[in-house]
Amino acid sequence: MSFELYAIFGGTFDPIHFGHLIPVKILANKIGLKSVTLLPNNMPPYRLQPKANAIQRLDMLKCAIEKEPLFKIDTRELQYQIPSLTVSTLENIRKEIGNDKSIAFIIGYDSFLNLTQWYRWQDLFSLCHLLVFNRDGYLLDRQKKQIFHFINKHIIHEVKYLYLKPSGYIWFANTPFFNISSTKIKLLLSQKKKCDNLLPLSVFNYINFHKLYNK
């Protein structure tokens with residue numbers, strides 16, 4: 001039995017914004033997380049490659065969480081010169097922390113719907129729990145039968161069960177929806193439009209200083 005969740009939130013963070021930070025902070029409060037590890041990747045396997053390089057995205061993460069004690073950063077995937085595979089990273093983390101501690105991997109609902117496209121996605125449930133926060137506008141359809149099956153098999157409605165097993169559960173977080181995306185921010189920046197309300201001021205200032213996403 002574990003009395004603490006090792007929570008991980010992965011992403012490209014190109015750039016990090018309030019749509020990342022605020023829902024995770026709300027989720028953490030709901031289930032009593034003491035810490036959330038941000039896991040930036042170097043080469044995402046399922047989406048376009050980031051515009052900002054690894055050092056710049058790491059710097060932006062550091063700016064964003066400077067006054068946020070909940071968050072810390074794991075830079076291991078930034079060292080990879082091949083696409084980051086979540087299951088491989090989680091296997092490494094599991095070896096490091098042992099088999100008894102609960103690991104919770106945080107993803108958005110949109111990513112959850114595409115889970116069956118992930119490499120060895122079914123093995124995730126032997127390595128971690130999935131904590132899924134709300135992303136408005138995404139609905140399950142008949143093409144997601146495998147996801148339906150796994151929801152029915154693994155879903156829980158009481159937080160306490162996340163702490164009683166090291167892996168294997170799905171928990172849907174009733175978090176507010178924030179209509180913010182990195183794509184939207186980059187578009188606004190390229191058009192010289194206002195977006196400083198969508199991300200931490202320190203990150204916005206870093207972007208302006210380094211002239212990121214200008215075109």
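The values are calculated or read from the model by the stated rules, or taken from the named source; none is laboratory data. Small disclaimer: the values here were computed from a predicted structure and weren't measured. Don't worry about glycine lacking a Cβ; one is built from the backbone with ideal geometry, like all the others, and counts go over all protein chains shown.
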Just name the residue that is surrounded by the fewest Cβ atoms within 10 Å (Cβ to Cβ) out of those in the stretch 155-198 that are out of contact with any helix residue (DSSP H, G or I) (no Cβ under 6 Å at 6 or more places or on another chain), of a type in the set (A, V, I, L, M) and assigned to a helix (DSSP H, G or I).
LEU187
On the given criteria, is LYS51 in a loop (DSSP other than H, G, I, E, B), of a type in the set (Lys, Arg) and more than 24 Å from LEU124 (Cα to Cα)?
yes
Specify the residue that is modelled with the highest pLDDT; the eligible residues are those in the stretch 131-154 that are over 12 Å from LEU115 (Cβ atoms) and surrounded by 15 or more Cβ atoms within 10 Å (Cβ to Cβ).
LEU131
Single residue of GLU68, GLU96, GLU77 found to be over 24 Å from PHE177 (Cα atoms) and either within 17 Å of the chain's Cα centre (by Cα) or in contact (Cβ under 8 Å) with a residue 12 or more places away in the chain (or both)
GLU77
So THR89, is it loosely packed, with under 14 Cβ neighbours inside 10 Å and β-branched (Val, Ile, Thr)
no
Enumeration of residues in the stretch 26-61 that are exposed (fewer than 13 other Cβ atoms within 10 Å of the Cβ) and either hydrophobic (A, V, I, L, M, F, W, C) or closer than 17 Å to ASP74 by Cβ (or both):
LYS34, LEU48, ILE55
ALA7 passes all but one of the listed conditions (1) out of contact with any Lys or Arg (no Cβ under 6 Å at 6 or more places or on another chain); (2) without any contact (Cβ under 8 Å) to a residue 60 or more places away in the chain; (3) under 30 Å from ILE156 (Cβ atoms); the exception is number (2)
If the Cβ limit is 6 Å and pairs must be 6+ apart or interchain, which residue in the stretch 33-49 that is over 15 Å from ILE22 (Cα atoms) pairs with which residue that is aromatic (Phe, Trp, Tyr) and crowded, with 17+ Cβ neighbours inside 10 Å?
PRO40/PHE13
Total residues in the stretch 66-110, condition in a strand (DSSP E or B) and modelled with pLDDT under 95
2
Pairs returned, first residue in the stretch 107-120 that is touching a residue at least 24 places away in the same chain (Cβ under 8 Å) and under 19 Å from ILE180 (Cα atoms), second residue that is surrounded by 19 or more Cβ atoms within 10 Å (Cβ to Cβ) and charged (D, E, K, R), beta-carbon separation under 6 angstrom, 6 or more apart or interchain, are GLY108/ARG135; TYR109/ARG135; ASP110/ARG135
